[in-house]
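The values are calculated or read from the model by the stated rules, or taken from the named source; none is laboratory data. Given the structure is predicted, the values throughout are model-derived calculations rather than measurements. Using ideal geometry, Cβ is built from the backbone for each residue, glycine included, and neighbour counts are taken over all protein chains shown. The area values use the complete protein model at the heavy-atom level, side chains included, leaving out ligands, DNA and RNA. Shrake-Rupley method; radii C 1.70, N 1.55, O 1.52, S 1.80 Å.
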Amino acid sequence: QFPFGRRLPCDIYWHGVSFHDNNIFSGQVNKFPGMMETVRKITLSRAMRTMQDLFPLEYNFYPRSWILPEELPLFVSEVRRMKDSDPSWKPTFIVKPDGGCQGDGIYLIKDPSDIRLTGSIQSRPAVVQEYICKPLLVDKLKFDIRLYVLLKSLEPLEIYIAKDGLSRFCTEPYQEPTLKNLHQVFMHLTNYSLNIHSGNFIHSDSVNTGSKRTFSSILCRLSSRGADVKKLWSDIISLVIKTIIALTPELKVYYQSDIPAGKPGPTCFQILGFDILLMKNLKPVLLEVNANPSMRIEHEQELSPGVFENVPSPVDEEVKVAVIRDTLRLVDPQKKKRKDTQLIYDYSYFSLHHCKKCCYSSVLQAGMKDKQHKHHSLKLSLKLKFYLKLGSCQSLEQVLEVSEELPDAGPAVRPEPDAPRGPEAALPSLCLKQVFPKYAKQFSYLRLVDRVAALFIRFLGVKGTTKLGPTGFRTFIRNCKLSNSNFSMAAVDILYIDITRRWNSMGIDHKESGMCLQAFVEAFFCLAQKKYKSLPLHEQVASLIEFCECHLAALHGKRLVWGCG
């Protein structure tokens, strides 16, 4: 540990809280700049609402939310309208302070008038959400799931999900909310940090029992009851990918601010904690995303009044050790070097036979002859494909280049199959499963706001900033040919001033003046609705993105021609 930094550079920096724990200029760091701000309850709710506006069905896994205090009047009016249209609707709402953690400050209400405006709602804003009244119960107890997600890369986007997680239980039997039981936190709130103080909390050495269990033990139990566990996992993977897609635009703005393109800087990765609740019908619902999930594998046990001892937690150890270990395996900077060594190692035991006359190729173990070679067109043999996989080569030409560069290894003896081939040979298989780009085709259409953010970043102008000034906004409008007789540059200025002033009044970020990404997205949606009136919102936005990208590409082409001239 280096609390005050370290002079020599490192391959991997493991920061405790955020990207800015130390100033670093190379290697890899386990935090993304801006991640803490991006997953705060209000910012997350805004990002999810933007995606719900574009794709309401795809993002119905996040509860309906309102931001306090700015949307209190809207919250009151919408609840009144819904009650008037359906008198049988008797909702419960949950209020969560924006910067709260470990259940701090959370409470349930039955009516908007119950919101605690006394105190400091202005200084401590919050999110109010519809409470899930019919959760899935196990042993009559409500529980949630903590899943660990590795965001390995932002550009290109690379996401891994741990194959197992934690199930954290309430400690009092669940009953649907009533005015009498709203205050019973051990019944309604699944937070471990709250329930551990309950007299009913059970520390267990088994992963199948107690107040904290593995998620896999819950899946086994559900499967034994006939539940479709494969579909449940598929829904959870979809939820995670869609949530990350909602967060990446904001993260990219922070990333270019702290690590500007063309300047030396580290690459980033981060382990996130996804808190998910299962409804009675097994539909997963996103509760929140934690930028700094606890990685403790022990808990405190009171030996005598006031005397505590740290005791190992088998459940935490089983899940968390695997997540940390495999994260380090995936980001290991020496991995590429070992792959290159493996290529040479494997080559010494195989010889490549290639006939340029007929383009027939095969890979044989050293000392063997190819008896199948005939002068006719054949595709690459399976053995060659096997070699390409071992050597990580992309084409036959690359294999041939390697064969010319490497010295003749001569006859060699193939090692025994059980001989260790590297440091990872003795390790268990990876517990982290890649879900993106593996499933990119199914989800790429959702990345519209990513493309809007790319336009925003392009016109920021000054490196290191996260706000767009009026000149940058005007340049965006002009270069994309968005002004005309019906939308003058004076109207452009009014749009910029109105939206920027409103977002700044929400207390978003007063360190810089200008238009933040969320404000730019709102302005972009407004422009899309003006230009393509008859289309659904997501088609309006997609059409305007293509229109802007086309004009910018043409402008770039002209500048290249002018430069050559």
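Is it the case, given these coordinates, that VAL127 is part of a strand (DSSP E or B), β-branched (Val, Ile, Thr), over 23 Å from the mean Cα position of the chain (by Cα) and over 30 Å from ASP332 (Cβ atoms)?
no
Looking for something open to solvent by less than 10 Å² (accessible area, probe 1.4 Å), at pLDDT 90 or above and not assigned by the TED database to the domain that holds LEU277 - is there at least one such residue anywhere in the stretch 74-82?
yes
Quick one: which residue in ILE145, ILE94, ILE106, ILE115 is in contact with a Gly (Cβ under 9 Å, 6 or more places away or on another chain), outside the structural domain of VAL319 (by the TED database) and either farther than 23 Å from LEU251 by Cβ or aromatic (Phe, Trp, Tyr) (or both)?
That would be ILE106, the only listed residue that is in contact with a Gly (Cβ under 9 Å, 6 or more places away or on another chain), outside the structural domain of VAL319 (by the TED database) and either farther than 23 Å from LEU251 by Cβ or aromatic (Phe, Trp, Tyr) (or both).
Please identify the pairs in which a residue from the stretch 229-241 that is within 17 Å of MET48 (Cα to Cα) has its Cβ atom under 9 Å from the Cβ atom of a residue that is open to solvent by 50 Å² or more (accessible area, probe 1.4 Å) and in a helix (DSSP H, G or I), counting only partners at least 6 apart or on another chain.
Correct list of pairs: SER238/GLN442; ILE241/GLN442.
Within the stretch 265-312, work out how many residues are in contact with a His (Cβ under 7 Å, 6 or more places away or on another chain) and of a type in the set (Lys, Arg).
Qualifying residue count, the stretch 265-312: 0.
Does PHE186 satisfy the condition of being more than 30 Å from PHE443 (Cβ to Cβ) and either at pLDDT below 90 or in a strand (DSSP E or B) (or both)?
no
Tally time: how many residues in the stretch 159-182 are touching a residue at least 60 places away in the same chain (Cβ under 8 Å), open to solvent by less than 50 Å² (accessible area, probe 1.4 Å) and in a loop (DSSP other than H, G, I, E, B)?
Here the count works out to 4.
Would you check if LEU282 is farther than 21 Å from ASP326 by Cβ, out of contact with any Cys (no Cβ under 6 Å at 6 or more places or on another chain) and in a strand (DSSP E or B)?
Answer is no for this residue.
Among the residues of the stretch 42-54, which ones are touching a residue at least 24 places away in the same chain (Cβ under 8 Å) and either under 23 Å from PRO125 (Cα atoms) or open to solvent by 10 Å² or more (accessible area, probe 1.4 Å) (or both)?
Of everything in the stretch 42-54, those that are touching a residue at least 24 places away in the same chain (Cβ under 8 Å) and either under 23 Å from PRO125 (Cα atoms) or open to solvent by 10 Å² or more (accessible area, probe 1.4 Å) (or both) turn out to be ILE42, THR43, LEU44, SER45, ARG46, ALA47, MET48, THR50, MET51, ASP53.
What do you reckon, is ARG64 within 30 Å of LEU544 (Cβ to Cβ) and crowded, with 19+ Cβ neighbours inside 10 Å?
So ARG64 fails the test.
Of the residues GLU416, GLU424, only one is surrounded by fewer than 15 Cβ atoms within 10 Å (Cβ to Cβ), modelled with pLDDT under 90, not in a helix (DSSP H, G or I) and not hydrophobic (A, V, I, L, M, F, W, C); which?
Step by step, each of GLU416, GLU424 is checked, and only GLU416 is surrounded by fewer than 15 Cβ atoms within 10 Å (Cβ to Cβ), modelled with pLDDT under 90, not in a helix (DSSP H, G or I) and not hydrophobic (A, V, I, L, M, F, W, C).
Considering each of SER198, SER204 in turn, give the residue that is within 21 Å of GLU317 (Cβ to Cβ) and surrounded by fewer than 17 Cβ atoms within 10 Å (Cβ to Cβ).
When all the criteria are applied, what remains is SER204.
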